[in-house]
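The values are calculated or read from the model by the stated rules, or taken from the named source; none is laboratory data. Quick caveat, the model's predicted, so the values are computed rather than measured. Here the Cβ is made from the backbone with ideal geometry for all residues, glycine too, and neighbour counts use every protein chain on show.
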């Protein structure tokens with residue numbers, strides 16, 4: 001596998017997408033109405049992280065704009081998941097989201 005100069009961003013995005021999907025599934029299985037916002041944000045976040053990683057990998061001219069949006073969504077998702085940090089899946093997801101937000105923010109400051 002080729003190593004991109006933006007590999008840390010790609011890795012953080014993919015790891016975050018996985019944690020977000022895991023958290024959404026975990027929250028759905030809880031069947032708790034209080035988790036609905038968490039589920040919704042996690043699903044949005046998983047999708048944008050996946051897309052962001054792909055844009056970075058292909059060197060898209062739109063990746064910087066997407067990275068900014070991805071960082072915003074990751075921060076929103078982290079904030080929501082932190083409200084439910086008693087749940088292990090939410091705690092892990094918040095951590096992955098914060099790490100991804102940091103990596104994506106670096107990409108917009110070139």
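Mind counting the residues in the stretch 79-95 that are closer than 18 Å to residue 10 by Cα and either free of Cβ contacts under 8 Å to residues at least 40 places away in the same chain or surrounded by fewer than 19 Cβ atoms within 10 Å (Cβ to Cβ) (or both)?
2
Return the pairs, sorted by first residue and then second, in which the second residue is outside any helix (DSSP H, G or I), the first residue lies in the stretch 96-110 and is modelled with pLDDT under 95, the beta carbons are less than 7 Å apart, and the residues are 6+ apart or on different chains.
Cβ pairs passing all conditions: 107/6.
Is it true that residue 76 is buried (at least 17 other Cβ atoms within 10 Å of the Cβ) and touching a residue at least 12 places away in the same chain (Cβ under 8 Å)?
Criteria not met by residue 76.
Residue 24 - would you say it is free of Cβ contacts under 8 Å to residues at least 24 places away in the same chain and surrounded by 15 or more Cβ atoms within 10 Å (Cβ to Cβ)?
Spelling it out, residue 24 is indeed free of Cβ contacts under 8 Å to residues at least 24 places away in the same chain and surrounded by 15 or more Cβ atoms within 10 Å (Cβ to Cβ).
List pairs: first in the stretch 46-66 and at negative phi and free of Cβ contacts under 8 Å to residues at least 40 places away in the same chain, second surrounded by fewer than 17 Cβ atoms within 10 Å (Cβ to Cβ) and part of a helix (DSSP H, G or I), Cβ under 7 Å, 6+ apart or cross-chain?
48/69
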